[in-house]
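Here the structure is laid out as structure tokens; the discussion comes afterwards.
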Amino acid sequence: MNIEEQKEQLLKATELRIGNYIYLNGLDEVKAIKQSRNGNYKVKLYYDETDSYEWAALTNTALMGIPLHKELLLALGFEKDVCGNFYIDLQTHCLELRETQGWYYPAYIEFPEFSSQDEQIVFLKRIKNLHEIQNLYFTLSGEELKLKYLWS
């Protein structure tokens with residue numbers, strides 16, 4: 001991975017939301033975020049096996065996004081269509097991800113309520129990491145996008 005690709009993978013603390021998954025000491029879910037007086041960020045992580053919390057300092061140089069991939073999307077509840085795109089049903093809407101050259105291009109699709117109307121599609125900014133799809137899903141549905149199982 002060259003330096004430019006590494007910069008694209010870096011995650012800014014300001015992009016995080018409570019409920020996002022990050023990779024620090026393994027796969028962790030952010031439970032709280034705070035900013036200290038000196039401007040540094042910390043996240044509160046929960047460990048199920050010990051039933052304990054820990055505050056972890058974030059440094060932008062060390063915090064990498066979790067890249068999206070097929071197994072991860074399936075673990076989040078996305079399904080694969082006949083064209084090879086991934087989608088998740090939002091009742092009268094759908095969020096579809098189209099992969100091209102390592103990036104995923106989200107499309108928000110509104111299905112017609114009446115047969116005389118056309119399907120409406122809005123293409124959104126490309127994404128590459130798990131926290132980005134979590135944040136987009138929350139914006140569109142008002143619900144958290146959670147892992148259904150851990151992928152291997």
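Numerical summary
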item	result
Residue check for A75: farther than 23 Å from G142 by Cα, at pLDDT 80 or above and of a type in the set (A, V, I, L, M, F, W, C)	no
Qualifying residues in the range 70-96 (those that are in contact (Cβ under 8 Å) with a residue 24 or more places away in the chain and either in contact with a helix residue (DSSP H, G or I) (Cβ under 7 Å, 6 or more places away or on another chain) or surrounded by fewer than 17 Cβ atoms within 10 Å (Cβ to Cβ) (or both)) - the one farthest from L147 (Cα to Cα)	H93
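The values are calculated or read from the model by the stated rules, or taken from the named source; none is laboratory data. Please read all numbers here as calculations on a predicted model, not as lab measurements. Neighbour counts are summed over all protein chains in view; Cβ atoms, including those assigned to glycine, are modelled from backbone coordinates with ideal geometry.
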